[in-house]
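Nothing in this text is a laboratory measurement; each read-out follows from the coordinates by a stated rule. Just so it is clear, the structure is predicted and the values come from calculations on it, not from any experiment. Using ideal geometry, Cβ is built from the backbone for each residue, glycine included, and neighbour counts are taken over all protein chains shown.
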Amino acid sequence: DIIYEDDITIAFNDISPQAPTHILIIPKKEITQLSNSTSDDVELLGHLLIVAKKITDDLKIQDYRVVINNGSGAGQTVFHLHLHILSGRTLGWPPG
């Protein structure tokens, strides 16, 4: 189910959730991972965080974590930049 969509991003529930609420926010521009972004992507990267805020506000989620995995060693399995919103359970620190 699409939770949010605009000209720049799309967001939906993760098919393999790691928390009761696990939403992915994906830019429509193809960037394989954060380390491959450039200064041309400043507005896009900021937009992703604003979308995360909009989604959490709309869903009335107050406590959440936003995650970007960069590279397979960091847990990235899909090589298209995306943000995870995780909520609905206590999230430990450090993650991993």
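May I ask for the net charge around V51, where only other residues with Cβ less than 15 Å from the Cβ of V51 are counted and Lys, Arg are +1 while Asp, Glu are -1? Walk me through the numbers before you get to the answer.
Details: positive: K28, K29, K53, K54; negative: E5, D6, D7, D41, E43, D57, D58.
Summing Lys/Arg as +1 and Asp/Glu as -1 gives -3.
Which whole-number percentage describes the relative contact order of the chain, with Cα contacts under 8 Å and a sequence gap of 6 or more? Don't skip to the answer; put the middle values down first.
Values: 136 pairs, mean separation 31.8, N = 96.
This gives 33 percent for the chain.
In deg cm²/dmol and to the nearest 500, what is the mean residue ellipticity at 222 nm of the chain if only DSSP H runs of at least 4 residues count, each as -39500 (n - 2.57), divided by the residue total? Mind showing how you got there, number by number?
On the way: 1 runs with 17 residues, N = 96.
The helix contribution divided over the chain gives -6000 deg cm²/dmol.
For the chain, with a Gaussian network of springs between Cα atoms less than 10 Å apart, report the residue from I25, I15, I50 with the top mean-square fluctuation. Result for the chain, Cα springs under 10 Å: I15 fluctuates most. Residues considered: D40, D14, D63. Largest GNM mean-square fluctuation over the chain, using C-alpha springs under 10 Å, is found at D40. In order along region 5-22, the Karplus-derived 3J(HN,Hα) couplings, from 6.51 cos²θ - 1.76 cosθ + 1.60 at θ = phi - 60°, round to 8, 9, 5, 10, 9, 9, 9, 7, 5, 5, 6, 10, x, 9, 7, x, 10, 9 Hz, and Gly and Pro are given as x.
Along region 72-89 the Karplus relation, 6.51 cos²θ - 1.76 cosθ + 1.60 evaluated at θ = phi - 60°, assigns HN-Hα couplings of 4, x, 9, x, 6, 10, 10, 8, 9, 3, 7, 9, 10, 9, 10, 7, x, 8 Hz to successive residues, with x for each Gly and Pro. Checking the a/c ratio against 1.5 first, then a/b against b/c, what shape does the Cα gyration tensor give for the chain? Oblate, since a/c reaches 1.5 and b/c is not below a/b.
Projected label points at D58 and V78, each 7 Å from Cα along the beta carbon direction, are separated by 1.7 nanometres.
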